Amino acid sequence: MRLRIVVLFLVGSFSGLAQSQNWVETAPGIWKLSVGKPEAYNLLTAAESKPNTEALTKLGKTGFPIAKDDISVRVEGGKTYLRLPLDRGEQIFGFGLNFQTVHQRGKILQLHMDHYGNKDNGRTHAPVPFYVSSKGYGVFVNSARYINVYAGTAVRQDSKNPPKVQDRNTDKTWEARPYSDAVEMLVPAEGVDLYVFGGPTPMDAVRRFNLFNGGGCLPPRWGLGFTQRVNRLYSADDVQKEAQEFEDRKYPLDFIGLEPGWQSKSYPCTFEWDKGRFPQPGLFVKTMLDRGIRINLWTNPYVSPEASIYPKIAPYTGSHTVWVGAVPDLTMPQAREIFWGKFASDHIDIGVSGYKIDEIDGYDFYLWPDVATFPSGLSAEQMRQTYGLLVQKQSADLFHQRNQRTYGLVRASNAGGSSLPYVIYNDYYSHEDFITALINSGFAGVLWTPEVRASKTSEEWLRRFQTVCFSPMAMINAWASSTKPWSFPDVAEQIKEIAQLRMKMMPYWYTEFAKYHFEGTPPFRAMNLEDGFQTEAKKEVLTASLEENPYAEAVSKEIKDQYMAGEYLLVAPLFTGQTTRKVILPKGKWYDFYTGKFAGDGEVITVTPGLDKIPVYVKDGGIIPMMPPLLHAPKPDQKIDLEIRHYGEKPAQSRLYDDDGETFNYEKGQYVWRIITVERQKNGQWKGLVSNPEKGKPDTIGKVTWRFMTSP
């Protein structure tokens, strides 16, 4: 007779009884609890992320934000069970790159890497196991497994805060989904590292999470310009003709994306230039660089049997293929050396500036199945959850070794990827949901672009273009449609103005990304992270009528169609068919971005901006540095004149980040924060001042002019 032994690791119990808990503060405001036997391979090891301890120290200490007695974990049957408390009125955000919902309380999810399938069920391009509470803390589960989440949906018999028992026969308020007082998660592993991030605000918890993952990425300046992804079968001549047309029409252009046809064969890939379309790739890339335009290459990582590297890399690939291409086991040094060595010699050494890495997320019908095996011994599940991190980190390292920044596109990411210079995209195309994803990206430590592809009307084209101007990557993806910015002649001039606005705002965007890198503040984020805006999970009807208190009614609802862009800007897109919309302004005075006129203070406003404008508002004291609308991003040693705009009635002080814009010399201290001060003089007039450059530090600021947007 065989005796079966089940070992339980208990910290607390699911009845909430206090037990000893070995929480270790790994950095100020960040605590770690190792439960059971955590797996050696996890999200952070895949991304090779390193905490920015200096920045975390600057954030300062804070108290442990959750009642430890109410946190329960156990390991049983090879699985780890986690339970964390939720208060009444507490809302939670996060759990990855969701496209349709911002509020996550009440959701059941499986955090599973996949191409987004039009349903917020946890299967997405960035299934990040991190959530943020409206009470000002965050929780992270460091596991490269498919995690089941019950975010305030299940009720235990021994709950400390059970819902009341109701009789459906007689009680009209009976609900099929009773109140739940916990987030519960199931991890299919014999242990896990659980992290809690303190606040005291939700934004502080997000900052700590990003800095724990190394801080946000700092793109090169050219990455924040405008990019056009050309038709998939374009030749070198086609690309150069299109670039010339951009220049002739005075449309900005910083980098061009080549789609599958640049390779001799793709799906699966050879990673080698097609000599018919690109007979002299080195000369082509150099010619484009000389014109101020960089080249970004599409690829997926699946190796064609006809690729020159196939015989060498085959022993280091998985058991299953993708489109009959071998899947490199990129956790193995041998596979990395062969795979990325090809990229280095054939692409980067001739001047290619970045990549678009496709199809590493799903769908199930083409990606390797969970029964696949890999020579490293990692499971197919772990590989799927982290492959996006692996390709981002390893490709970024190729550029880092050359002291050259990159900025690209990827279809999959996860926790640990905040510092990696990639923006997520997909093949889904709902404009409204794209904005919701942009909002949620700020909770997940990833970047997302609401790219423009095809449009049915000029109105749709213009509305989509307006939103990419206020996003991490201003991009048209014309791989199939061959569209150009001027494809709809009746709005071509408006499109040009928006593209030029993107370029004019480059000093602002670059500074906001520097804050992301050095301080952990996401450049694009939800209203729920903004001071003066408070959201709670409430089901009860407000006592005040909508007419008496529309603001209280509005902020109790899910806000998924407006967002913060940097420190000062609130962006409220319009979608096709809309001529008017409501905008919820946080408490504090806000001003129209275009005119400087007062817009409101802690209220709901209705706006009718016309087709030419996307509604944008600036908080009181907002300072927006702007440059001339150049066709290409400034070069490292190029002095650029600035127009600095001030909005509102408050004297203000802001910072402007400066470095060479292209290298990693900032890691050696070659950067500077210039202080911008705006004060009202005795005569009532505004006066602005920019601090002097520091000796031996970058100085790309030319002549400075001031524009005080709000009239006295």
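The values are calculated or read from the model by the stated rules, or taken from the named source; none is laboratory data. Bear in mind that the values here come from a model prediction, so they are computed numbers and not experimental data. Here the Cβ is made from the backbone with ideal geometry for all residues, glycine too, and neighbour counts use every protein chain on show.
Values computed for the structure shown
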| read-out | value |
| --- | --- |
| Spans of helices (runs of 4 or more DSSP H) in region 448-535 with at least 2 residues touching a Ser or Thr at 6+ places or on another chain (Cβ under 8 Å) | 458-469, 506-519 |
| Region 500-509, residues that are more than 10 Å from GLY566 (Cβ to Cβ) and not hydrophobic (A, V, I, L, M, F, W, C) | GLN500, ARG502, LYS504, PRO507 |
| Subset tally (residues that are touching a residue at least 12 places away in the same chain (Cβ under 8 Å) and exposed (fewer than 14 other Cβ atoms within 10 Å of the Cβ)) for region 694-712 | 6 |
| Count of residues meeting criterion [among the small types (Gly, Ala, Ser), more than 24 Å from HIS320 (Cβ to Cβ) and in contact with a helix residue (DSSP H, G or I) (Cβ under 8 Å, 6 or more places away or on another chain)] in region 262-289 | 1 |
| Flag if LYS635 is surrounded by fewer than 14 Cβ atoms within 10 Å (Cβ to Cβ) and of a type in the set (D, E, K, R) | no |
| Some residue of region 260-277 being surrounded by 22 or more Cβ atoms within 10 Å (Cβ to Cβ), modelled with pLDDT of 95 or more, farther than 11 Å from ALA236 by Cβ and among the small types (Gly, Ala, Ser) | yes |
| Lone unmet requirement of (1) under 19 Å from the mean Cα position of the chain (by Cα); (2) farther than 30 Å from ASP204 by Cα for VAL446 | (2) |
| Residue in region 337-359 that is in contact with a helix residue (DSSP H, G or I) (Cβ under 7 Å, 6 or more places away or on another chain) and of a type in the set (D, E, K, R) present | no |
| Count - residues of region 349-374 that are buried (at least 20 other Cβ atoms within 10 Å of the Cβ) and either out of contact with any strand residue (DSSP E or B) (no Cβ under 9 Å at 6 or more places or on another chain) or in a loop (DSSP other than H, G, I, E, B) (or both) | 9 |
| Helices (runs of 4 or more DSSP H) wholly inside region 258-346 containing at least 3 residues that are under 32 Å from the mean Cα position of the chain (by Cα) and of a type in the set (A, V, I, L, M, F, W, C) | 281-290, 333-346 |
| Only one of LEU398, LEU409, LEU390, LEU378 that is touching a residue at least 40 places away in the same chain (Cβ under 8 Å) and either acidic (Asp, Glu) or crowded, with 24+ Cβ neighbours inside 10 Å (or both) | LEU409 |
| Filter result for the condition that a residue is of a type in the set (D, E, K, R), touching a helix residue (DSSP H, G or I) at 6+ places or on another chain (Cβ under 8 Å) and modelled with pLDDT of 95 or more, over GLU48, GLU54 | GLU48 |
| Within region 289-322, considering residues that are without any contact (Cβ under 8 Å) to a residue 60 or more places away in the chain and hydrophobic (A, V, I, L, M, F, W, C), the one nearest to GLY341 (Cα to Cα) | ILE309 |
| Strands (runs of 3 or more DSSP E) wholly inside region 644-693 that include at least 3 residues being surrounded by fewer than 21 Cβ atoms within 10 Å (Cβ to Cβ), without any contact (Cβ under 8 Å) to a residue 60 or more places away in the chain and of a type outside the set (Lys, Arg) | 672-680, 686-690 |
| LYS119 being part of a loop (DSSP other than H, G, I, E, B), among the charged types (D, E, K, R) and in contact with a Gly (Cβ under 9 Å, 6 or more places away or on another chain) | no |
| Qualifying residue in region 409-431 (condition: outside the structural domain of VAL571 (by TED's automatic domain parsing), assigned to a helix (DSSP H, G or I) and over 12 Å from the mean Cα position of the chain (by Cα)) | yes |
| Qualifying position, being closer than 23 Å to ASP349 by Cα, charged (D, E, K, R) and touching a strand residue (DSSP E or B) at 6+ places or on another chain (Cβ under 6 Å), among ARG294, ARG208, ARG221, ARG277 | ARG294 |
| Any chance ASP641 is modelled with pLDDT of 95 or more and of a type in the set (Asp, Glu) | yes |
| Number of positions in region 556-593 that are closer than 18 Å to GLN91 by Cβ, out of contact with any helix residue (DSSP H, G or I) (no Cβ under 6 Å at 6 or more places or on another chain) and surrounded by 23 or more Cβ atoms within 10 Å (Cβ to Cβ) | 1 |
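Conditions (1) surrounded by 24 or more Cβ atoms within 10 Å (Cβ to Cβ); (2) touching a residue at least 60 places away in the same chain (Cβ under 8 Å); (3) assigned to a helix (DSSP H, G or I), marked per residue:
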| residue | (1), (2), (3) |
| --- | --- |
| ARG168 | no, no, no |
| GLU175 | no, no, no |
| TYR179 | no, yes, no |
| ALA189 | no, yes, no |
| ALA205 | yes, yes, yes |
| PRO219 | yes, yes, no |
| GLY223 | yes, yes, yes |
